[in-house]
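The values are calculated or read from the model by the stated rules, or taken from the named source; none is laboratory data. No experiment lies behind these values; they were computed from the predicted model shown. Glycine gets a Cβ as well: all are built from the backbone with ideal geometry, and neighbour counts include every protein chain shown. Heads up: the accessible areas ignore ligands, DNA and RNA and are worked out on the full protein's heavy atoms, side chains in. Shrake-Rupley method; radii C 1.70, N 1.55, O 1.52, S 1.80 Å.
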Amino acid sequence: MNISLSRQPASEIDSAVLLLLEAEGARTESLKGHLQAAYDSGEIAGKAMEMTLLYGVPGYRAARILLAGTGKRERFGTAELRNVVSAAVRHLKGRKLKSATLVLDAGYSTPEHVNAAVEGAILGNFEPDALKTEKATLFESFTVNVTGDNPGLDAALAQARIVAEAQNFTREVAGEPPNQLTPTAMAARARKMAGEVGLDCEVLDQDRMKQLGMGSLLAVAQGSAEPPALIILRYTPESGRKTPNLGLVGKGVTFDTGGISIKPSEGMEKMKFDMAGGAAVLGAMRAIAQLKPPIAVTGIIPAVENMPGSRAMRPGDIVRALSGKTIEILNTDAEGRLILADALTYAKQIGCTHLVDAATLTGAIVVALGHLNTGVFTNDAALLDRWMHASQAQGDRMWQLPMDDEYKELLKSVNADLQNIGGRAGGSISAAWFLREFADGTPWIHLDIAGTAWLDDAKPWMPKGATGVPVRSFVHLAMNWKD
Ligand code: BES
Ligand code: ZN
Ligand code: ZN
C-alpha cells in the first residue's frame with residue numbers, strides 16, 4: 001500500500017474518500033448544515049467505531065466522506081486511533097473502495113498519532129486469504145493529511161510501516177495451516193526473512209540438539225514424524241556492542257494435539273496457532289533488523305510438533321533438560337514449557353542478558369483474563385517496568401500475575417527435580433514458575449498469550465484469526481532500550 005503525508009485544507013482534498021474523525025457529541029462544524037437532521041435524531045452520535053459514509057457533501061472536493069466515530073474525546077488516545085483507522089479501512093475495503101485520506105487536526109498531528117494511524121491503516125488492510133482463490137479487495141493508497149508542520153512525522157510514518165507490516169507478517173505465519181507450517185517450514189521462513197532484512201540466522205537440527213543435551217525439547221518432538229528445529233536469529237547494533245543482549249523467545253509448537261494426553265477433538269484445529277509466540281518473535285526480529293535499535297537482540301524459536309506417535313513421550317517419563325534439571329512429565333499436553341525450558345537455557349548460554357518469552361502456554365490464562373489482556377509474569381521489577389511502558393504505548397494490554405514462592409511448591413515431584421504440571425488451580429502461575437526455574441537468575445518476563453494471540457470473533461478493526469500480539473511491544477522494548 002502506498003502511504004503518504006499531505007498538508008491541505010480538508011475541503012480541498014481530492015480523494016475518493018475523506019476520513020473524518022467524529023468525537024462523541026462533537027458535531028463536525030463544517031457538516032452541521034448538511035447533517036443537521038442526522039445529528040438531531042442521534043443517527044450520527046460519534047460513538048466509537050460508528051461509520052457513516054456520505055456522498056457528495058457540499059463544500060468538499062472529495063467524492064465521499066467517511067465519518068468515523070471515536071467515542072468520548074477524553075478517552076481517545078493512540079490505541080483508539082489505531083483501531084478506528086483500521087476499522088475504517090476494513091469498512092471501505094468491504095465496499096470495494098481502495099483509497100482514503102485521513103484528516104488529522106492540529107491536536108492530532110503529532111508523530112505518535114501519525115504512527116498509530118498508519119499502523120491502523122496497514123493492519124486494517126490485512127486479509128487472512130492467502131490460500132483462497134478469490135481475494136478480498138485491498139487498499140492501494142492511504143494518505144494522512146496533517147495540520148501544521150510538526151517535525152518527525154515522516155519518520156513516524158516510516159517506522160509505523162515497518163512495524164505494522166511486521167505484525168501482519170506474524171499474523172500471516174501464525175494463521176498458516178499445520179500441514180504447511182511444519183517446524184522445518186518455519187525454519188525456512190525464518191531463513192528467508194533473515195536474508196531479506198539482513199539478520200544472521202542459524203537453525204539447530206535434531207542431532208545438534210541431542211549433542212547439546214536438550215532432552216526436554218526433544219521429548220516433545222519425538223512423537224512426530226516432523227523433525228524439530230531450533231531457530232536463532234541475531235541482530236547486532238551498528239556499534240557492534242554485544243551486551244546487553246535482549247533474548248526474545250517464542251513458543252513454536254506448529255501443532256499441539258496434546259500428545260498421548262490427547263486433547264478433545266472439538267476445536268483442536270485451533271491448536272495450529274500454538275506457534276503464535278514464535279511467529280511474533282519472527283515478526284519482531286524482522287522489524288528490528290530494519291529499525292536498528294541500539295541493543296543486540298536475539299530471537300529464539302523452538303519449533304516442534306506435539307503428536308501422539310509411537311515414539312511419543314509418555315506420562316511418567318523423566319527427561320533431563322539442557323540445564324541439567326530432571327523433569328517428570330505428568331501430562332504431555334504441557335509441552336510448551338518443556339520446549340521453552342531448553343530454549344531459555346540455550347538463550348542464556350549464547351549470551352542473552354535479558355529474556356522475554358511469548359507463548360500460548362495455558363488455557364487457564366484465558367479463564368483468568370479472557371481475550372483482552374496478555375498474562376505477564378516476571379522475576380525482575382526493572383525489566384517489568386520497561387515492558388509495561390513499551391506495551392502500554394503500543395496499546396497491547398498486559399496484566400501482571402503473582403509469582404509468590406509458594407506457587408513453586410506445585411511443581412515438586414517425587415521422582416525428579418520438578419514435574420511439568422502443577423494442577424488446575426493457578427495453572428498459569430505454575431506454568432510460569434516452571435519457566436522461571438530455567439530463566440534462573442537472568443531478568444526474565446513471560447507472556448502468556450493463549451488468550452490474546454487469536455481472535456475467535458471478528459472485531460470492526462480486526463478479522464477473526466491471528467492478532468500479531470505482542471510484535472509492536474517487542475519492537476518498542478528494543479527501540480527504547482536505555483542501559
Ligand atoms: N497450547 C496449549 C494452551 C492453550 C490452550 C493455548 C488454549 C491456546 C488456547 C498448551 O500446550 C496446553 O495444552 N496447556 C495445558 C496445560 C495443562 C495440561 C497443565 C492446558 O492449558 O490445558
Ligand atoms: Zn499442550
Ligand atoms: Zn501448546
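In the stretch 1-97, taking the dipole from charged Cβ atoms about the Cα centre, the farthest positive-side position among Ile3, Phe76, Gly42 is held by Ile3.
Normalised Debye scattering of the stretch 224-279 at q = 0.24 Å⁻¹ gives log10 I(q)/I(0) of -1.03, counting only Cα atoms as equal scatterers and leaving out solvent.
Can you tell which of Leu204, Val89, Ala229 lies farthest toward the positive end of the dipole of the stretch 80-229, using +1 and -1 charges on the Cβ of basic and acidic side chains (Lys, Arg; Asp, Glu)? So the residue we want is Val89. Considering only protein heavy atoms and a 1.4 Å probe, what is the carbon-and-sulfur percentage of the accessible area of the stretch 331-473? Accessible surface attributable to carbon and sulfur in the stretch 331-473 totals 50 percent. Computed about the Cα centre, the dipole magnitude for the chain is approximately 560 debye when only Lys and Arg (+1) and Asp and Glu (-1) carry charge, each at its Cβ.
Taking a straight line from the alpha carbon of Lys32, these lysines sit under 21 Å away, with near neighbours fewer than eight places off in the same chain left out: Lys47, Lys72. Rounded to the nearest 10 degrees, the angle from helix 111-124 to the longest Cα principal axis of the chain is 80 degrees. A cut-off under 13 angstrom between Cβ atoms defines the neighbours of Lys72, and their net charge, with Lys, Arg +1 and Asp, Glu -1, is -2. Stretching Arg397 away from Ala136 to a fully extended chain increases their span by 91.0 nm, per 0.36 nm per residue minus the current alpha-carbon distance.
Of the solvent-accessible surface of the stretch 112-268, computed with a 1.4 Å probe over protein heavy atoms with every protein chain present, carbon and sulfur atoms account for 50 percent.
FRET efficiency for the Arg424 to Glu12 pair, using the beta carbon distance and R₀ = 51 Å, is estimated at 0.20.
Toward the positive end of the charge dipole of the stretch 332-429, with +1 on the Cβ of Lys and Arg and -1 on the Cβ of Asp and Glu, the farthest Cα among His371, Leu338, Tyr407 is that of His371. The calculated pair-distance distribution of the chain uses every alpha carbon pair, bins of 20 angstrom beginning at 0, and gives 25, 51, 21, 3 percent. With all protein chains in place and a 1.4 Å probe, the accessible surface of the stretch 1-45 carries 44 percent carbon and sulfur.
Looking at the stretch 19-61, what % of the alpha carbon pairs are farther apart than 15 Å? Of all Cα-Cα pairs in the stretch 19-61, 36 percent lie more than 15 Å apart.
Computed on the stretch 57-215, the Cα convex hull volume stands at 179 Å³ per residue.
Packing here is the average count of other Cβ atoms within 10 Å per residue, and on that basis the peptides 310-317, 250-257, highest first, run 250-257, 310-317. Remark: the stretch 50-111 carries 43 Å² of accessible area per residue (probe radius 1.4 Å; ligands, DNA and RNA excluded). Taking each of Lys210/Lys251; Lys272/Lys412; Lys98/Lys464; Lys192/Lys348; Lys292/Lys464 in turn, the alpha-carbon distance tops 29 angstrom for Lys272/Lys412; Lys292/Lys464.
Here Ile3 sits with roughly 20 square angstrom of accessible surface, probe radius 1.4 Å.
Taking the C-alpha atoms only, the angle from helix 183-197 to the longest principal axis of the chain is near 50 degrees.
Percent of Cα pairs in the stretch 364-483 per distance bin of 10 Å, from zero to the largest separation: 13, 39, 32, 14, 2, 0.
For the chain, the 222 nm mean residue ellipticity estimated from helices alone, with every DSSP H stretch of n ≥ 4 adding -39500 (n - 2.57) and the total spread over all residues, rounds to -10500 deg cm²/dmol. Hydrodynamic analysis of the stretch 12-128 uses the Kirkwood radius over alpha carbon pairs. Inserted into Stokes-Einstein at 25 °C and 0.890 mPa s, it gives a translational diffusion coefficient of 172 µm²/s.
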